[in-house]
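A short write-up of the structure that comes next.
Just so you know, all these numbers are worked out from the coordinates, no wet-lab data involved. Everything numeric here is computed off the predicted structure, so don't read it as measured data. Here Cβ is always computed from backbone atoms with ideal geometry, including for glycine, and neighbour counts include all displayed protein chains.
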Amino acid sequence: MTDEELLKIYEQMWRLRRFEEEAGRAVVSGEIHGEMHLGIGHEAVGAMLSLHLQERDAVVSTHRSHLHALAAGVDPVELAAEILERDGLNHGKGGHMHLFDPEARFMCTGIVGAGVPIACGYALSQSMHAQGGLTVSVMGDGTMNQGAVFETMNLTAVRGLPVVFLCEDNQYSISVHRSDSTAGELHRRGEAFGIPGFACDGTDVEQTAETLGKAFDITRNQRRPSLVVTSVYRFRGHYEGDLDLYRPAREKEEAARTLDPLLKLRERLLAIQTPEAQLERAEN
Amino acid sequence: MPDPGRPGDRRTGAHLVAAALRQEMLRDASIVVFGEDVAKLGGVFGATRGLARQFGDRRVFDTPVSETAFLGMAVGAAQAGLRPVTELMFVDFLGVCFDQILNQLAKNTYMSGGRLQVPVVLRTAVGCIGSAAQHSQVLSATFAHIPGLKVFYPGSPGDLQGLLVAAIRDDNPVVFLEHKWLLKTRLSELPFNDAQPEDSEIQPSPLGQVRCLREGTDITIVTAGYMAQLALIAASDLEQDGISANVIDLRTLVPLDREGLARAARGAPFLLVLDDDYQAYGMSGEVMATIVEQLGRDAPLMSRHAVDVPIPAAAVLEAEVVPSVSSIKQAARALVKE
C-alpha cells in the first residue's frame, strides 16, 4: 500500500471510530434505550472489508455490525438514524441489531449464528448469475461454536457457493474467554470441508488487507467458500453499560497500548515520515 | 357445494403438489426447490417427483440433513431475489431449525421496515399415519402463533393445488402444511375431491375465506386439513342419526376469515371445533374466542375435539388420541345431546 492510501485508511478508520463513539454517547444520553454493541477495536477489519467488497457483493453481519454496514456502503445518516431509534434505514422497526439495506445488499441479525445460513442464501442467488458477486458472512469467535456455522460450511462447500466466512475473534463471547469455550484453531475449522482458512492480526491494516485479499480471490475466482479469522480486541464491554469485570484491568491496559488498530496505524504512518499535521487532520 | 369424488381418479395429493410446482416453475424462473431427498428421490412422499429431471440441479436439489442451513439459505435466497420453495420433510423437524423460522423468516420483512420481501414457501408434511410422537405432529398453531407467517392448511385436493399456487405467488413467507393422508390417498377414495383435471391450469385459491363443504342445521363442525375429509364422512353418518351437520373448512389459518367464521357459526345452535393439532392454546381456542368476540351472546354452544398428548406408537393407543370418524361422531353427539 502507498503512503497516501494508508493515510486515507487512517482517516476512514477514525470516521468508523467516531461513529461508534457517538452511538455510545447516545446510550448515555438516553436517546438509545436498547442494547448497544460497539466495534471499537475492530476498525481495521471494517476498513479492509470495504477495500475488498465489490458492486454485487453482499454482507450478512451480527449484533456488532455498524462497521460492516458502513463498509458495505449503507448510507451513514440513514444508518445512524436507525441506530438512534428514529425513522431511519428501517423506519425504527429494526434498530441497531437488525439493519437491512436491500440496495447495499447488507443485513445483520441479533441471533448469534443465524446470519451464517442466510449468507449462504445470498450466495445461492449469486451462484445463479455469471457475475453474481460473493457474500461475506461476518461472525465473532463465539459464533464459531454454533452448529449453524458447520452446517453452512458443509453446504457452501458441497454446492460451491461463494461465501467468505469472516470471523472477528475478539477473544470473548460476552464474558467467556475463548480458552474456556473453544477448542482448536478457529482458522482451521473449515479444513475438513476443504475450505481454505487464513488467520491474521486484525489490528494490523496491511496484514488484514493482504489476508482478506487471499480469501476474496479464492471465493471470487474459484466460486467456493473461504475462511478468514482476524484477531482483534474489543475495547468496550459486550454492550454499553457492561461492567466488564470479567476482563483483568491489566489485560485491557495492555491491549490499549498494543492492540489499538488506530494507534498501530499512526505509528506506522509516523515511521514512514507522514507529517503530524496530516495525521491530526485525519483524526478530526 | 361439494363435487362428488370422481371415480377412477388415480392421482394422489403428491401428484397434485408436483403438478402445481411444475406449473409455477415453468411460469417463473426464479423459483428454486430444495430440501432433503427432494431431487433424486422426489420427496419421501413423492411430492417433488420428476422436478429435478425436468428443471435440473440448479433449480431442484437435495440438501444435506441440515435444516438450519437450508432454511436459512431459503431466507437469504428470497431476500436476494429468488423464490425458494423448501421442504421440511416432517413438520416435527421444526425444532432443529426453529430460529430461522421464528426470528428470521417471520420477522425480516417487518424489521426491515418493509424494505425486504422474503417470499419463501415452507412445505412440510403433517399429521398422523403411524410412527409415533416425533413423526406425527401437525404443529399448525406453533406457526400460526408467530406474527409474520402465513399458514395454509389445505383439506381438499383442489386447495392442495390452489393454495400452493397462491403460496408460491405470495410475496410473504408461507408455511404450507400438507397432510400425509392427503398426499398418499388416491383422489377417487376421498369423500371430497375438487381437483381440476390433469392438464387444466391451476388457479390460486382465495386466502382468508372459509368454505362450507356440507350444509347442515343442527351442528357446525369447523376444521382444517385432512380432518375436513373425516368430518364429511362423520357428517353423513350423523345424518342417519338425525343430526344435520354443517362442515366448515378454514383452509388458511393465517389469514383467518373471522367474519366468515362468525357467519358460519350462526347456522346451527351447536359448534364443534375439530383439530388434529394440539388443543392447548391452539386453533380450537382461537376459533371459539373469535366466534364469541363476533357473536357475543348469540354464539352457539361450543366444544372441541383435538389432540392433547404426544402421539403414541401402538395403533390401538394412537386410535385413542387422534381424531377419527367415530371419535368425531361421538364428540358431535355429546355436544348436541348435552
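Couple of notes before you dig in:
- Per-residue average of Cβ from other chains inside 10 Å of A:100-110: 4
- Each Cα pair of the protein assembly as shown feeds into the Kirkwood radius, which the Stokes-Einstein equation turns, at 37 °C and 0.692 mPa s, into a diffusion coefficient of 124 µm²/s.
- Residue-averaged beta-carbon neighbours from other chains (10 angstrom radius) around B:180-192: 0
- When A:120, A:200 are arranged by Cβ crowding within 10 Å, least crowded first, meaning fewest neighbours, the order is A:200, A:120.
- Protection-proxy order for peptides A:245-255, B:324-334, each taking the mean of Cβ atoms within 10 Å per residue, highest first: B:324-334, A:245-255
- Counting Cβ atoms of other protein chains within 10 Å of each Cβ in B:58-71 and taking the mean gives 5.
- Taken one residue at a time, the phi angles of the stretch B:45-51 give Karplus couplings (6.51, -1.76, 1.60, θ = phi - 60°) of 10, x, 7, 10, 4, x, 5 Hz. Gly and Pro are set to x.
- Over the stretch B:1-144, equivalent-ellipsoid semi-axes from the Cα gyration tensor in Å: 25, 20, 16
- Size of the stretch A:130-284: Rg and Dmax of its alpha carbons, in Å, are 17.8, 53.
- Equivalent ellipsoid, the stretch B:211-336 (semi-axes from 5 times Cα gyration tensor eigenvalues, Å): 22, 17, 12
- Seen from a random direction on average, the alpha-carbon convex hull of the stretch A:3-283 projects onto 14.4 square nanometres.
- Here is how the number arises for chain B: DSSP H runs of 4 or more residues each give -39500 (n - 2.57), the sum is divided by the residue count, and the result at 222 nm is -9500 deg cm²/dmol.
- Sorted by Cβ density within 10 Å, fewest first, the residues A:122, A:10: A:10, A:122
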